[in-house]
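The values are calculated or read from the model by the stated rules, or taken from the named source; none is laboratory data. In this text the structure is predicted, and so the values were computed from the model without any measurement. All Cβ positions, even for glycine, are placed from backbone atoms using ideal geometry, and neighbour counts span all protein chains on display.
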Amino acid sequence: MKIINELSNSAIKNNKKDTLATRISILMAVILLGTIVFIIGSVKADNYNNIKSMIGDYHVSFSGVDEEIYDYLTAYEEIDHIEFDKIIETDMDEIIYEKSPDYWNTQDFEIVQGKKPSKEGEVIVPSRLLAKNHIYTIGSELDIDNTKYVIVGEYDDHSYSFEESIFLGYLENPTKENLFQNNVGVQAYLWYDSPRDTYTLTEQILNEFQINEYEAKNSGRLFYNTDILEYKMIYPSGIIPPKSVMVDAIETYGACFLLTILFAVVIYGAFNVWNSRDVKELALLKSVGMTEKQVKKMVRLKVLRLSMIPILGGTIISYGVANLLLYLFWLNNSFSYQKLSELFGERMQASDFHLIGISVPSILLIIGLSLLTVYFSALIPARESAKLRIIEGLNGIKEKKTRYGTSQISGKIETSLAKDYFRSYKSTYRTIILAMIISSVAITSTLVSQSYRALNMEYDHFNNPYDFTSSIYTDSELDDEMVSKINDVEGIDELHVYQHKDFKFFLEDNEKFISNELSNALVDGEKRADDMYVRIYGLSDNDYKNILKENSLDNDEGYILLNKTPQSNFIPYTFREYIPLTEEDNEIVVRYNAEGKTMNIPISEYIDTFPYELDVHGESGVYIFTTMNKLEEFFEENGTDEGDPVNYYTIQLKANQDLAKVSDESERIISSFIPESDYSTSTILLTEAMNNEQIRNEHLLNAGIQIIMLIIALSNAYNSFHGNLRARKREFQLLSTIGMTEKQIKKMILSESRFLFTKTFIAYIAVFIGIVIARVYRSNYGFGFGLKELLSNINYIPIILVFIITLLGVLFAIRSSIQTIFKDDLNDTIREI
Amino acid sequence: MMSLVKAKSLTKTYDSTVSVTVLSDVNFQMEKGELISIIGDSGSGKSTFLHLLAGVDTPTSGDIFIQDKNITKLSKEDLTVFRRRNIGVIYQFFNLIPNISVRKNILLPLLLDSRREDKDYFNEIISTLGIEDKLNRYPKQLSGGEQQRVAIARSLITRPAIILADEPTGNLDRKNSEEITALFRLVNKRFMSTIMIITHDEKVATSCDKVYKMIDGKLQVMEE
């Protein structure tokens, strides 16, 4: 109806100050919401695109495809398309993967020089192969199983030097005849017609060939492209996301949700104040025949008209803000990478900065969410306006029963009047308090999480006592000469060199082994059998002998069990209590994998202290110590782990002088024996530097959150308080006619704001305690201890800042409103009376 | 006898798009204990005149003396304090502060001045106006007539030099209107209050000692 349109339009045009204040509130809220949506959308889309460009967007892949499976898959109606890899093992140390044309559109490989294959017979090879075998160069021809290949490029494969080289070739002809020629492996990549059916259809296919899904997944034969599937909200249980996805969603969208609620509260507050002011006008309109429906429509139209410009403007501005923030993060990361590159002595680089792609779903989400929020925020004021009784609107007398408190006469009149007014405007003040609390909650949650992390670092963290740790990965034994040279480095106080190997521990293999206490803990759910594993350390002869000596043991060369495990997996590291693993049964059974053979390890001795604090005592770990020689003998007897044939060695040392020099010297020796790709080192200096870098990043992130929350707190406090005071202009002027001076009115308003802050503070304290208690309750710490530690570690400055800035916003609003109110001629109001 | 209220050559002109002279060279004086009324058509300038006397509006030219104090020369702050001590104002609507009790509404001018009430005087006012049992109520819990009684009580509480009432019966039915008019007379006699009533109602006007008529911004005495 045209008249409703005109009336809603004129309400906006004739109330320029209210229009501006409400539009600013909406604009601020949309900017914040939009920024979050754009950033989350960009991060998710980048992640999706990254996965897609790296490995492709297939739904599931599985290897070990034979001709029968091939026939079944190619005839399967619900598969949209399939791609295959042809895997060719050679007599040399190389494997050739002939990849389908689509693979060559991904960025899974990093060409160092040359070009990528574009036809059958062309391959690219790892750089390390060309470096090791100078007979090969780009353009070299290879004859493998009577097939000729030409090297057209080299790529960086980031593998260990001793691993097989993978040649990547071009599969032009994915026919059955070609794929299964020469007895090779075939891997299939499937795209289903309906990705949502990925899990059910794959299960059907596997069942058809009696392949166990769990085992296939564990052995790596089956791979669901979960990142791609989860991006499309496809989960193993249909639309119900698994816990990890839920936790991720809560963390990701929690802030978004909180901001939307804040948005709704702020907008509701603005509309409510405006509508209370327009009550007389609405009553007049109803008195000339406007129906409830028309009033509702007018209010809703007013709201939509009011919000369109700030929503569109806010969406555009938020795109800019999101890009600016991401640019700042990128700049910070580049700076961090540069610093870390200097620390580690190798080039680390942040990926290039790119503008957020203009995503239609993100824009629609922002606009839709904003419109919905604005619409719902306007529903209550619209309903109240529609229900307004004409006589109540005209003479301001409500027939509805109102609850009055006691109107005190004693005490300062400004304070007692402030109490009366605070009570009358409790609904407006409640909205202001709610908005202030929500902005404080966001910042408090961040600070509590930070404090909790600090608590974990202090009490749920293994402090490695060594100044230098180097992890070495090799397919052979460690060179004795290298160890002896490190031994000779001046300034080393304590040095340990050891090898370790992890094994599967199955409860059914070890029913006799486990102690009653462990058995009870497993039954009570304090420990999980599924997580348990065995790690055998092969120590140097000296270290091993020292263990025997320190523990008064006499077995020359056997297996010593650290016979203890944390009583519960849910107790922080420092407060753990331990229970024995076994009641001294002398045999433990391990396997390399679920299907692998069982291997018995005879335990000869038992200890109850982790030797030399070599490693973290994992909550599910079973630790056995022997000599390196004995461990080698074990491998000789039982064979090596085909799934993980790498030998893991560790060198740890404590320095008694110039740590930097000792570290440099030790690393120099290691690098002269071990290729760069096969070892990594960390020193206490590097760890400290990295921690500092992390702290700097956290501070930056916190500063960002604080600035956002401060802007919200300031603008909301100013807008809502200013709006409320302007709505009360008549009241102040009536008080003035009775003889209340400007100074007294100011004092009264200040008293009201004092009540507001006291109530907000009390509410905040309650919410703060709630957040802290929830965090402690969900933690593994004792309640009293966790509470005390958490409270003493919280950085209170940002919270205080939010309150100070909000207070300033309110004071500024009081100052500016009083100036506006008393600038107007008192007589104008009297005329309205 | 010295005049309690004196207006000299009062002129009020509003300059918006066109200049409108609402009051033109008005001279007026009132003695202590007088009860007068001013009648006139809508827009004749009678309410403007009352607002100038109440100090809520300022004249374009001319002076207003209340108890020999030229209120046109006072600062905003001083004028407010002067008003609460010396002038009681009653309006047709919107007289009372809705969120405070009747007792507090009546005592408000005193409380704002950090003064205590004279209990006997307070009791006398409320018994004269018949609102003894309404003190703990809130304005919204009163009828229009009762609200106006409270407004009169509030205007009396500071023993002001003058009470200015702008259409005090305009919103009331005939019965209430007559009661309020009678109350003004009673207050005038019992407390020796000086009262000026602006009204449309001839019955109200003629109940006063003197009646003035405002015609196009000029004030004329109609009858005594």
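Of all the criteria given as (1) crowded, with 16+ Cβ neighbours inside 10 Å; (2) within 23 Å of the chain's Cα centre (by Cα), the one not satisfied by residue A:697 is (1). Listed by position, the helices (runs of 4 or more DSSP H) enclosed by the stretch A:327-446 that each have at least 1 residues that are modelled with pLDDT of 85 or more, over 30 Å from residue B:97 (Cβ atoms) and aliphatic (A, V, I, L, M) are A:360-387. Scanning the stretch A:432-458 for residues that are surrounded by 21 or more Cβ atoms within 10 Å (Cβ to Cβ) and of a type in the set (S, T, N, Q) turns up A:439, A:440, A:444. Filter the stretch A:727-744 for residues that are part of a helix (DSSP H, G or I) and more than 10 Å from chain B (Cβ to nearest Cβ); which is nearest to residue B:163 (Cα to Cα)? Residue satisfying both the conditions and the ranking: A:732.
Could you please let me know if residue B:182 is away from chain A (no Cβ under 13 Å) and under 17 Å from residue B:55 (Cα atoms)? Judged against the criteria, residue B:182 is not a match.
Of all residues in the stretch B:105-126, exactly one satisfies the criterion of being charged (D, E, K, R), more than 10 Å from every other protein chain (Cβ to nearest Cβ) and within 21 Å of the chain's Cα centre (by Cα), namely B:124. Candidates are the residues of the stretch A:259-280 that are modelled with pLDDT of 75 or more and surrounded by fewer than 21 Cβ atoms within 10 Å (Cβ to Cβ); the one that is farthest from residue A:381 (Cα to Cα) is A:260.
Filter the stretch B:147-172 down to residues that are outside any strand (DSSP E or B) and either closer than 15 Å to residue B:33 by Cα or not charged (D, E, K, R) (or both), then give me how many there are. The qualifying residues number 18. Counted as qualifying within the stretch B:23-113 are the helices (runs of 4 or more DSSP H) with 2 or more residues that are touching a residue at least 60 places away in the same chain (Cβ under 8 Å), namely B:46-54, B:76-86. Being part of a strand (DSSP E or B) and either among the acidic types (Asp, Glu) or on the phi > 0 side of the Ramachandran plot (or both) is a condition met by at least one residue of the stretch A:485-501. Given the condition at negative phi, crowded, with 18+ Cβ neighbours inside 10 Å, assigned to a loop (DSSP other than H, G, I, E, B) and over 37 Å from the mean Cα position of the chain (by Cα), answer yes or no: does some residue in the stretch A:101-117 qualify? Checked against the condition, which is being at negative phi, crowded, with 18+ Cβ neighbours inside 10 Å, assigned to a loop (DSSP other than H, G, I, E, B) and over 37 Å from the mean Cα position of the chain (by Cα), the stretch A:101-117 yields at least one hit. In the set (1) over 21 Å from residue A:699 (Cβ atoms); (2) away from chain B (no Cβ under 14 Å); (3) not basic (Lys, Arg), the condition left unmet by residue A:456 is number (1).
Taken over the stretch B:173-210, the residue count meeting the criterion of being surrounded by fewer than 21 Cβ atoms within 10 Å (Cβ to Cβ) and not in a helix (DSSP H, G or I) is 7.
Results for (1) assigned to a helix (DSSP H, G or I); (2) under 23 Å from residue A:155 (Cβ atoms); (3) touching an Asp or Glu at 6+ places or on another chain (Cβ under 6 Å); (4) at pLDDT below 90, shown as yes or no for each residue.
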position	(1), (2), (3), (4)
A:166	no, yes, no, yes
A:174	no, yes, no, yes
A:183	no, no, no, yes
A:199	yes, no, no, no
A:204	yes, no, no, no
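Among the residues of the stretch A:182-203, those that are free of Cβ contacts under 8 Å to residues at least 12 places away in the same chain and either under 29 Å from residue A:249 (Cβ atoms) or β-branched (Val, Ile, Thr) (or both) comprise A:200, A:203. Could you go through the stretch B:121-144 and let me know if any residue there is assigned to a strand (DSSP E or B) and either over 26 Å from residue B:5 (Cα atoms) or not aliphatic (A, V, I, L, M) (or both). Scanning the stretch B:121-144 turns up no residue that is assigned to a strand (DSSP E or B) and either over 26 Å from residue B:5 (Cα atoms) or not aliphatic (A, V, I, L, M) (or both). Taking the criterion of being within 17 Å of residue B:30 (Cα to Cα) and either more than 12 Å from chain A (Cβ to nearest Cβ) or of a type in the set (Asp, Glu) (or both), would at least one residue in the stretch B:70-81 satisfy it? Checking the stretch B:70-81: at least one residue is within 17 Å of residue B:30 (Cα to Cα) and either more than 12 Å from chain A (Cβ to nearest Cβ) or of a type in the set (Asp, Glu) (or both). If you filter the stretch B:82-97 down to residues that are facing chain A (nearest Cβ under 7 Å) and not hydrophobic (A, V, I, L, M, F, W, C), you find that the one that is nearest to the chain's Cα centre (by Cα) is B:91. A count restricted to the stretch A:229-253 and to residues that are part of a helix (DSSP H, G or I) and free of Cβ contacts under 8 Å to residues at least 12 places away in the same chain stands at 8.
When the stretch A:184-202 is examined, which residues are found to be of a type outside the set (Ser, Thr, Tyr) and surrounded by fewer than 14 Cβ atoms within 10 Å (Cβ to Cβ)? Passing the criteria: only A:193.
In this structure, does residue A:578 turn out to be free of Cβ contacts under 8 Å to residues at least 60 places away in the same chain, under 40 Å from the mean Cα position of the chain (by Cα) and surrounded by fewer than 18 Cβ atoms within 10 Å (Cβ to Cβ)? Here the answer is yes, as residue A:578 does meet what is asked. Taking the numbered list (1) within 30 Å of residue A:340 (Cβ to Cβ); (2) of a type outside the set (D, E, K, R); (3) touching a strand residue (DSSP E or B) at 6+ places or on another chain (Cβ under 7 Å) in turn, residue A:673 passes all entries but (3).
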